[in-house]
Amino acid sequence: MRVFVTGASGHLGSAIVPELLAAGHDVVGLARSDAGAATVTAYGATAHRGDLADPGAIAKAAADCDGVIHLAFNHEQLRSGNFPAAVAADLALVHALGDALAGAGKPLVAASGTLGLVSAGLGRPGTEEDAGGPGGRTDNENAVLALAERGIRASVVRIPPITHSTLDRGGFARTLIAIAQRTGVAGYPGDGTNRWPAGHTLDVGHLFCLALANAPAGTRWHAAGDEGIELREIAQSIGDHLGVPTASIPADRLQAHFGFLAMVIALDNPTSTTVTRQVLGWEPTHQGLLAEFETGDYFKGL
Ligand SMILES: NC(=O)c1ccc[n+]([C@@H]2O[C@H](COP(=O)([O-])OP(=O)(O)OC[C@H]3O[C@@H](n4cnc5c(N)ncnc54)[C@H](OP(=O)(O)O)[C@@H]3O)[C@@H](O)[C@H]2O)c1
């Protein structure tokens, strides 16, 4: 299959593109810069230059392929506090992909996040059948799923807020470590019993490949090897490795301590993966987050 991958030069692309190539697929990877193009071609894929600012051009190139994995997201806008702009650009591309791929029956697998389940107010672990609550990227997720009605085998992989491995350069695990290092405190919100799921990059990437091959139209999948780790456990491990104290951060200091992460740090996001495992046969084979921290790789050279 010839697969078009947006975000091919990013963290998840570094797992997904090599896995697709190893499985014998041809990969065309979107790149917005010379550096991105060099990354994509170094994997052995073909680079296609384009930017989220021109979704129509990206969608046209995607339609020349047999399947699409959509990972690109402007995280610089998220980190600078303009999350809505990043979400809007993503939604524009989803609509453009819908117009370009309609009726062709091709697979489209798009990245989303497990955190959208929190605002659904479930009071239990979120499942693949649960729609996300209002706000965040839920509209985008629903827009992808709606493409099933337009003759596209569209599906969504919900990624946990922490995706970890030695391939991670700037994900939330690294952000939490950097904050603890800068402030001298490995902080957690309130009593720290809120839970975040986590996934190893290679396990998350493998789920995208399984979904590309087999996901029925209009389905959601959960890429969480760890279904929910308490934030105080994450902070404790970071504190131990950095040699800084672990402490609760009161609600009125979350913004000052965690910066842009304040909008998600106190969320409780236990996430079930039962359906993903049973239906797609996804089985995480790589270490969990706390075991990864124990290897010390995240703390080398700090
Ligand atoms: N990793 C996680 O923990 C996690 C958790 C939840 C959801 N997700 C979602 O999963 C997807 C992939 O995440 P990731 O961790 O691989 O992100 P990443 O490492 O930040 O990579 C983002 C990719 O998007 C590209 N990109 C950014 N702005 C662009 C633009 N204006 N035009 C074209 N391409 C652009 C980047 O290109 P450059 O290489 O040029 O920067 C890069 O290839 C995203 O939708 C993300 O929000 C990830």
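If you go through the stretch 84-112 and keep only what is touching a residue at least 60 places away in the same chain (Cβ under 8 Å) and within 14 Å of the ligand (Cβ to nearest atom), you end up with 93, 109, 111, 112.
The set of residues in the stretch 1-45 that are over 15 Å from residue 67 (Cα atoms) and assigned to a strand (DSSP E or B) contains only 31. One residue alone among 97, 52 is crowded, with 17+ Cβ neighbours inside 10 Å, assigned to a loop (DSSP other than H, G, I, E, B) and either more than 17 Å from the chain's Cα centre (by Cα) or modelled with pLDDT of 95 or more (or both), and that residue is 52.
Scanning the stretch 135-153 for residues that are of a type outside the set (Ser, Thr, Tyr), out of contact with any Ser or Thr (no Cβ under 6 Å at 6 or more places or on another chain) and either within 15 Å of the ligand (Cβ to nearest atom) or closer than 19 Å to residue 264 by Cα (or both) returns 136, 139, 140, 143, 144. Answer yes or no as to whether residue 185 is on the phi < 0 side of the Ramachandran plot, aliphatic (A, V, I, L, M), out of contact with any His (no Cβ under 7 Å at 6 or more places or on another chain) and within 16 Å of the ligand (Cβ to nearest atom). Spelling it out, it is not the case that residue 185 is on the phi < 0 side of the Ramachandran plot, aliphatic (A, V, I, L, M), out of contact with any His (no Cβ under 7 Å at 6 or more places or on another chain) and within 16 Å of the ligand (Cβ to nearest atom). Apart from one condition, residue 226 fits all of (1) more than 30 Å from residue 67 (Cβ to Cβ); (2) crowded, with 22+ Cβ neighbours inside 10 Å; the exception is (1).
For the stretch 141-156, the condition of being in the same structural domain as residue 59 (by TED's automatic domain parsing), buried (at least 19 other Cβ atoms within 10 Å of the Cβ) and under 12 Å from the mean Cα position of the chain (by Cα) holds for at least one residue. In the stretch 57-76, of all residues being surrounded by fewer than 17 Cβ atoms within 10 Å (Cβ to Cβ) and under 21 Å from the mean Cα position of the chain (by Cα), the one that is farthest from residue 152 (Cα to Cα) corresponds to 76.
Checked against (1) under 26 Å from residue 207 (Cβ atoms); (2) surrounded by fewer than 20 Cβ atoms within 10 Å (Cβ to Cβ); (3) near the ligand (Cβ under 8 Å from one of its atoms), residue 41 passes all but a single condition, namely (3).
Does any residue of the stretch 54-64 turn out to be in contact (Cβ under 8 Å) with a residue 24 or more places away in the chain and within 16 Å of residue 142 (Cβ to Cβ)? No: zero hits.
The values are calculated or read from the model by the stated rules, or taken from the named source; none is laboratory data. Computed from a predicted structure; not experimentally measured. Here the Cβ is made from the backbone with ideal geometry for all residues, glycine too, and neighbour counts use every protein chain on show.
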